[in-house]
Amino acid sequence: MTKWKDKDERVNEIAQAAVDVFLEKGYDGASMDLIAKRAGISKGGLYHHFTNKDEILYAANMMLSEQNRLIIIRAGEQKDAAEGLRLYIREYIQYWLTQKKALAFVFLTFTKAMQNSETGKYFAQYYKETTDFLDGLFRKGIKDGVFLPHDSRAGAVILQSALDGVLAYCAIDDGTKPSKIIKDFQDKFVNIHLR
């Protein structure tokens, strides 16, 4: 007899199976049938949760981005903005560099997002939430006198863009030292603004 699973657990299992199938077969080669088989459920069971593979792609990205939401929470709880930014940079880089399969999936999905406006909306929302958070930290640091006045929005956009760019570089260069990258990012995006 199959153990009954709650909806969230089942959706996460399907999303994880989809990550594997999308990475193995590419978006076009992945099918609802292959995802259902990998998840160990019937095709009808899969359609009970998702109407198409774009919805699964979205759910898989939501699952994988949950860790970033937790990093944002921890960074926001720091005593000052500089510490929050340092934590965000450190944990963001460390997390994604230890999750190379997930990182490859995010890059594959990003390519799909450029072709599909619905998937693109997910990335736009995720990017807005992340840069709004970073902008808020920079503004808090300026208000509290921790940072010199600067364009906080530009700093947030450039920081997040640079972080995502360096992850792509690190994913293809195994010789990269995360500790050096983290230090460089903290110097260029946090320490440079300190009073």
(request) Tell me which residues, restricted to the stretch 51-78, are without any contact (Cβ under 8 Å) to a residue 40 or more places away in the chain and under 30 Å from LEU163 (Cβ atoms). (result) LYS53, GLU55, GLU66, GLN67, ARG69, LEU70, ILE71, ILE73, ARG74, GLU77, GLN78
(request) Check VAL190 against each of (1) within 12 Å of ALA82 (Cα to Cα); (2) out of contact with any Lys or Arg (no Cβ under 6 Å at 6 or more places or on another chain); (3) hydrophobic (A, V, I, L, M, F, W, C) and name the one condition it does not meet. (result) (2)
(message) Residues to consider are TYR47, TYR88; find the one that is open to solvent by less than 10 Å² (accessible area, probe 1.4 Å) and at negative phi.
(response) TYR88
(message) Checking GLU77 against (1) within 30 Å of ASN191 (Cβ to Cβ); (2) surrounded by 14 or more Cβ atoms within 10 Å (Cβ to Cβ); (3) not hydrophobic (A, V, I, L, M, F, W, C): exactly one of these is not met. Which one?
(response) (2)
(request) Filter the stretch 1-50 down to the residues that are touching a residue at least 12 places away in the same chain (Cβ under 8 Å) and of a type in the set (Val, Ile, Thr), then identify the one that is farthest from LYS112 (Cα to Cα). (result) ILE41
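Inspect the stretch 72-88 for any residue being in contact with a strand residue (DSSP E or B) (Cβ under 8 Å, 6 or more places away or on another chain), under 30 Å from ARG139 (Cα atoms) and either in a helix (DSSP H, G or I) or not aromatic (Phe, Trp, Tyr) (or both) and give the result as yes or no.
Step one: filter the stretch 72-88 for residues in contact with a strand residue (DSSP E or B) (Cβ under 8 Å, 6 or more places away or on another chain), giving 81-82.
Then keep just the ones that are under 30 Å from ARG139 (Cα atoms); that gives 81-82.
After this cut, where a residue has to be either in a helix (DSSP H, G or I) or not aromatic (Phe, Trp, Tyr) (or both) as well, the list is 81-82.
The answer is yes, given that some residue of the stretch 72-88 is in contact with a strand residue (DSSP E or B) (Cβ under 8 Å, 6 or more places away or on another chain), under 30 Å from ARG139 (Cα atoms) and either in a helix (DSSP H, G or I) or not aromatic (Phe, Trp, Tyr) (or both).
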(request) Determine if the stretch 22-39 includes at least one residue that is open to solvent by 10 Å² or more (accessible area, probe 1.4 Å), more than 30 Å from GLY175 (Cβ to Cβ), part of a loop (DSSP other than H, G, I, E, B) and not aliphatic (A, V, I, L, M). (result) yes
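Looking only at the stretch 50-71, which residues are part of a loop (DSSP other than H, G, I, E, B) and open to solvent by 20 Å² or more (accessible area, probe 1.4 Å)? Steps first, answer last, please.
Taking the stretch 50-71 first, the residues part of a loop (DSSP other than H, G, I, E, B) are 50-52.
The answer is THR51, ASN52.
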(message) Based on this model, can you work out whether PHE110 counts as under 29 Å from GLY26 (Cβ atoms), in contact with a Phe, Trp or Tyr (Cβ under 7 Å, 6 or more places away or on another chain), of a type outside the set (Val, Ile, Thr) and open to solvent by 60 Å² or more (accessible area, probe 1.4 Å)?
(response) yes
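The values are calculated or read from the model by the stated rules, or taken from the named source; none is laboratory data. Because the structure is predicted, anything quoted here is derived from the model rather than measured. Quick reminder, even Gly has a Cβ in these numbers, built from the backbone with ideal geometry, and neighbours come from all protein chains shown. Each accessible area value is taken on the protein alone, full model and side chains, heavy atoms only, with ligands, DNA and RNA left out. Shrake-Rupley method; radii C 1.70, N 1.55, O 1.52, S 1.80 Å.
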